[in-house]
Amino acid sequence: MRHAGWIAGTAAAALVAAGAVTYAVAEDGGSSGTPAADSADAGFARDMAVHHQQAVEMSYIVRDRTKDTEVRRLAYDIAQTQANQRGMLLGWLDLWELPKVSARAPMSWMDMGGMASGKDGALMPGMATNTEMKKLGTLDGKQAEVFYLQLMTDHHQGGIHMAEGCVARCTVGVEKRLAQGMVDAQQSEIDLMAGMLKERGARARS
């Protein structure tokens, strides 16, 4: 019961923090004008929200496919962190009164609209295909753990590339700082996952 209470308290604190960051972004953006719909700020918010959603889905799938405490803990941390960040990204678009979808190709705000083919659902670099997501849902135990760690490593590498793009191109200060935080945290997790894969006699795909 004490453990459950701690999780609930932590989740509540995270939501409060997310709200504070969201409004800080609104004020930051307001100081220099609301970002345009085709700006890097809006493009990053839209694209990373989609990118994060797949990571959340992947993490929930592996949670139910393995009993390994280490992998389940990592999956929980990734799911909670990226779900909260996704909420911030979509919240900023609401505050800026900008659309959450765009007719432009993903990553056009980085001048890389053709970088990912979008084939089989892989809309942006690092994203798993629909076939890979289905495969993850059919595996169990060690096989599920290894495939998840490989997919998430690829996913983080693509996410880091996008976040670095925001650091370089976005104009809203709080959004740039969040993007840099994503770079640092996801690189740390890539290093952690490399060790977890090695323990399981495997390695990253690229």
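The values are calculated or read from the model by the stated rules, or taken from the named source; none is laboratory data. Keep in mind the model is a prediction, meaning the values are calculated, not measured. Reconstructed Cβ throughout: ideal geometry from the backbone, glycine too, with neighbour counts over all protein chains shown. For accessibility, only protein heavy atoms count, side chains too; no ligands or nucleic acids. Shrake-Rupley method; radii C 1.70, N 1.55, O 1.52, S 1.80 Å.
Ligands, DNA and RNA left out, the accessible area of region 40-111 computed with a 1.4 Å probe is 48% carbon and sulfur.
Calculated FRET efficiency, A194 and D111, Cβ-Cβ r, R0 41 Å, to nearest 0.05?
Details: r = 31 Å, r/R0 = 0.75.
Plugging the Cβ-Cβ distance into 1/(1 + (r/R0)^6) gives 0.85.
Of K134/K198; K100/K142; K67/K176; K142/K176; K135/K198, which sit over 32 Å apart, Cα to Cα? Each step should come with its number before you reach the end.
Working: K134/K198 24 Å; K100/K142 37 Å; K67/K176 37 Å; K142/K176 37 Å; K135/K198 22 Å.
In this structure, K100/K142; K67/K176; K142/K176 lie more than 32 Å apart at Cα.
For region 55-120, the square roots a ≥ b ≥ c of the C-alpha gyration tensor eigenvalues yield an a/c of 1.5 or more together with a/b not exceeding b/c, which makes the shape oblate.
Which shape class applies to region 104-206: rounded if a/c is under 1.5, otherwise prolate when a/b exceeds b/c and oblate if not, where a ≥ b ≥ c are the square roots of the Cα gyration tensor eigenvalues? Oblate.
Counting only protein heavy atoms, what percent of the accessible surface of region 146-205 is carbon or sulfur at a 1.4 Å probe? Carbon with sulfur: 52 percent of the solvent-accessible area. Distance between the modelled labels on V101 and Y60, one decimal in nanometres: 2.0 nm (7 Å Cα→Cβ projection). Computed from the C-beta positions of A37 and E164, the FRET efficiency with R₀ = 25 Å rounds to 0.65. With a Förster radius of 25 Å applied to the beta-carbon distance between Y76 and S206, the computed FRET efficiency rounds to 0.45.
On average, how much accessible surface per residue is there in region 49-206, in Å², for a 1.4 Å probe, leaving out ligands, DNA and RNA?
Details: 7660 Å² over 158 residues.
Normalised by residue count, the accessible surface of region 49-206 is 48 Å².
Overall, region 134-187 carries a charge dipole of about 120 debye about its Cα centre when +1 sits on the Cβ of Lys and Arg and -1 on the Cβ of Asp and Glu, all other atoms neutral. Amide H contacts of V172: none lie under 5 Å away among residues 5 or more positions distant or on a separate chain (H built 1.01 Å from N in the peptide plane; Pro and chain starts excluded). Surface calculation, 1.4 Å probe, protein heavy atoms: D140 sits at approximately 90 Å² accessible.
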